[in-house]
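These notes are about the structure you will find just below.
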Amino acid sequence: MEFDLTGKDYERAYSLLASLVCPRPIAWVTSMNENSTINAAPFSFFNVVGDSPPMVMFCPGDREDGTPKDTARNIRRSGEFVVNLIDETLAESMVRTSAALPYGVSEVDAENLMTTPSRSIAVPRITAAAAALECVLHEILEIGQNRIVLGIVKRIQVKDEFVNPSSMRIKGFYPLGRMASPDWYCRTNEPFEIVRPRWNRG
Ligand SMILES: Cc1cc2nc3c(=O)[nH]c(=O)nc-3n(C[C@H](O)[C@H](O)[C@H](O)COP(=O)(O)O)c2cc1C
């Protein structure tokens, strides 16, 4: 099959791309409004884009009424956010926080999630998350209807159980993966190793 996204299949772009480009990592983003209310919402148009500076991106779109989702609004205002990273144990809670609650109503409170203060920024992280990236906004790009939030990672918090104390590498963290739209996920707990050729490693 062939799909022409410049023409007749344009409307299929989301479901095709979101179901083919997967599994995707999930950013469970906490952000804060002007009243210090903590917002939490998941985003799977998300990835790390580089390490110098350490940088991530994610793409909060608009609500159905055409206004930016709360996460985007909060980040534009405060310039800070936390990317909480989770495994399957928090999957259902994470999905419930994707409910479109009115601006100023906290998904963190609705879901009884505990938060822990961050150390580099004012926005707290979700305590139960396996890891958290404390981020400051670098830039928001708007291309058509796409909104791309680029953030610099200032500090990383990882639960001790997921860090090998001798190598300081991550061990035993099996993040939840996002699969086909709208409601599919995957486990990542069967990793395997393929060693790269050493002579041209870059
Ligand atoms: C696993 C998952 C991934 C999602 N990824 C995105 C995404 O990449 N971009 C987006 O705009 N919405 C995404 N959503 C929907 C948002 O989470 C949802 O619109 C949420 O209400 C936004 O919350 P906010 O208005 O508090 O920012 C996703 C939902 C789920 C469950």
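None of the figures in this text is laboratory data; all of them are computed from the coordinates on show. Remember, predicted model here, so these are calculated numbers, not experimental data. Cβ sites come from the backbone with ideal geometry, for glycine too, and all protein chains shown count toward neighbours.
Helix-only mean residue ellipticity at 222 nm, the chain, DSSP H runs n ≥ 4 weighted -39,500 (n - 2.57), per residue, nearest 500. What is it?
Numbers: 4 runs with 27 residues, N = 202.
Computed mean residue ellipticity for the chain: -3500 deg cm²/dmol.
Can you return the aspartates and glutamates within cross-link range of Lys171? Criterion is Cα-Cα under 18 Å, with same-chain partners fewer than 8 residues away left out.
Asp87, Glu88, Asp160, Glu161, Glu190, Glu193
For the chain, calculate the relative contact order in percent as a whole number, restricting contacts to Cα pairs under 8 Å that are 6 or more residues apart.
Values: 381 pairs, mean separation 46.8, N = 202.
The value is 23 percent.
Treating only the Cβ of Lys, Arg, Asp and Glu as charged (+1, +1, -1, -1), what charge dipole size does the chain show about its Cα centre? Round to the nearest 20 debye.
Working: 22 positive and 25 negative charges, 157 e Å.
For the chain, the charge dipole is close to 760 debye.
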